[in-house]
Structures are given as C-alpha cells and as structure tokens.
Amino acid sequence: MRQGMTGKTRTAVLRNAMTEESARAMIEAKKTGAFRALMRAPRKEDVHVHSVKLVHEALIRVSARYSADFFRKAVHPIKVDQNVIEVVLGDGVFPIRSKSRIHKTLSAGLGKNRVDLELEEHVFAESEGMMCLDRHGGETDFPYKTGPGAVEPYPRRILDASENVRSPEVETEEALSKLKEKLRGPPPDGMRDLREEFAAKAVEVVYVPVYESRLVGPKKKVRMMRIDAARKKIL
C-alpha cells in the first residue's frame with residue numbers, strides 16, 4: 001500500500017458577516033425559542049441575555065484520490081440450451097443450476113438452462129472524494145464558500161487576535177484515514193492480492209466565526225444560542 005503525504009495544511013478563516021450589535025439583535029428576537037416547550041414560549045422579558053462572545057471554531061476539510069488493484073471471487077450465470085447438462089471451461093466443470101420438480105415440469109421443452117461460472121475478476125477501482133470533520137472528529141457538512149471575498153486575507157492575524165479559538169481535537173492524519181475508509185468501502189468477498197494507493201489532494205483547517213450566547217430563562221434555566229456569523233444563521 002502506498003499513501004501520499006499530507007503536504008502543507010492550509011488555514012483559512014471565514015469572514016464574519018455580522019457585527020456584535022447585529023448578533024445581539026438576532027439573539028433578542030429569537031431568544032424565547034430556546035425555552036419553548038409544548039408549543040409555548042416564555043415572554044421576552046422573562047429571558048435574560050447573560051453573555052455574548054465571538055468564537056472561532058475549526059472544521060477540517062480533506063480531499064484525496066484512492067485507487068485499488070485486486071482480485072475477487074465472482075459468480076457469472078450464463079444461459080445454455082435445454083439439452084446442455086454441464087459446461088467445461090479449462091480444467092473446470094460447471095453443472096447446470098438445479099431446478100425444483102415443479103419448475104422442471106413447467107419449463108419442459110421451453111427456455112434455457114443456467115450455469116453458474118465461478119471465477120475470479122481482476123479489478124481496478126479509482127475514486128476521488130472530500131470529507132469535512134468538526135473539531136471533535138465527527139463528519140459534518142461544509143456549506144461554505146472559500147473563494148476570494150469569503151475568507152479573511154490574513155487568517156493568522158485574525159486567530160491571534162481572537163480570545164476564543166477552538167482548534168481541532170483530531171490530527172489531519174486521522175481525518176485522511178477516515179476519508180480513505182469511506183472511499184475504499186467494505187472489502188468484497190474473496191478479495192486477494194490487494195494493491196492500493198491513497199494520495200491526499202488538499203488539507204484545510206477552516207475556522208468559522210460563531211457568536212455564542214448564554215441565556216437565562218424562567219426558573220433560572222440556562223440555554224445556549226449559537227449563530228453562524230459567516231452565514232447569519234442560528235445553529
């Protein structure tokens with residue numbers, strides 16, 4: 001097995017499309033929903049916004065190419081004439097597929113017999129794919145654009161200035177291993193002489209700006225509200 005090196009990891013920070021003021025306005029408008037129960041929500045004055053902070057949370061996005069060369073067992077049914085009782089192929093002898101008594105009666109003089117040829121196939125498979133993991137290592141969607149205008153031009157400067165950076169808890173090698181398993185899929189029955197290659201194409205750590213608010217509601221119940229500041233959406 002050959003596995004490509006991960007190469008250089010690219011770091012990106014998505015642009016924050018909200019000010020703290022606009023985030024607070026959204027929180028005020030939606031805060032009672034966090035305490036909704038049985039189709040009823042408390043009054044706005046009964047829910048207090050305790051704090052709002054901006055955090056930068058990491059996503060890991062990896063893409064790679066995978067190829068495999070192997071042999072696998074296979075059975076190929078073929079149709080033969082009714083009067084054929086077996087097929088000889090090389091050193092192999094393959095009898096016709098047995099039939100039930102009822103089927104023999106109904107098909108007498110009609111149709112074809114079937115023979116199951118047991119053989120090996122030499123297979124070459126190739127695929128490419130991408131996977132995104134949250135900072136804990138769970139697979140997740142990546143609904144963001146990362147082209148010009150969508151990311152900060154100086155990501156390290158933004159992260160160094162941020163008071164709340166949540167970096168990945170998994171290594172990029174683990175993310176690539178998960179992508180490899182996904183591209184490979186379950187091994188076929190009777191597989192032998194597997195030769196495979198796995199080459200990473202891109203490895204990115206993308207930081208998403210998130211406004212996180214701690215809310216205190218009736219009976220001092222606490223809820224968290226999170227806003228994806230790149231898409232202006234409540235998470």
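The values are calculated or read from the model by the stated rules, or taken from the named source; none is laboratory data. Since we're looking at a predicted model, the values are computed, not measured. Positions of Cβ are generated from backbone atoms using ideal geometry, with glycine treated the same way; all protein chains shown enter the neighbour counts. What goes into the accessible areas is simple: the full protein's heavy atoms, side chains included, and nothing from ligands, DNA or RNA. Shrake-Rupley method; radii C 1.70, N 1.55, O 1.52, S 1.80 Å.
For the chain, what is the calculated [θ] at 222 nm in deg cm²/dmol (nearest 500), taking -39500 (n - 2.57) for each run of four or more DSSP H residues and dividing by its residue count?
Numbers: 4 runs with 37 residues, N = 235.
Calculated mean residue ellipticity at 222 nm is -4500 deg cm²/dmol.
Can you tell me the FRET efficiency between Met130 and His76 if r is taken as the Cβ-Cβ distance and R0 is 45 Å, rounded to the nearest 0.05?
0.80
How many nm is it between the label spots at Glu196 and Arg214, if each spot is 7 Å from the Cα in line with the beta carbon?
4.6
Apply the Karplus curve 6.51 cos²θ - 1.76 cosθ + 1.60, θ = phi - 60°, to the phi angles in segment 196-204 and return the couplings in whole Hz, x for Gly and Pro.
3J(HN,Hα) across segment 196-204, in whole Hz: 9, 10, 9, 10, 5, 9, 8, 10, 10.
Summarise the accessible area of the chain (1.4 Å probe, protein heavy atoms) by the percent that is carbon and sulfur.
Values: 7790 of 15180 Å².
C and S atoms contribute 51 percent here.
With every protein chain left in place, what is the accessible area per residue of segment 84-235 in square angstrom, probe 1.4 Å?
Heavy-atom accessible area per residue stands at 66 Å².
Which of the following values of Cα Rg over 2.2 N^0.38 Å was calculated from the structure shown: [x] 1.01; [y] 1.11; [z] 1.70?
Of the labelled values, this structure produces [z].
For Lys178, which lysines qualify as cross-link partners when the Cα separation must be under 29 Å and same-chain residues fewer than eight apart are set aside?
Lys8, Lys73, Lys145, Lys201, Lys233
Rounded to the nearest 0.05, what FRET efficiency do Glu118 and Glu169 have when you use their Cβ-Cβ distance and R0 = 45 Å?
The calculated FRET efficiency here is 0.40.
Going highest first, how would you order 173-182, 87-96 by mean Cβ packing within 10 Å?
In decreasing order of mean packing, 173-182, 87-96 become 173-182, 87-96.
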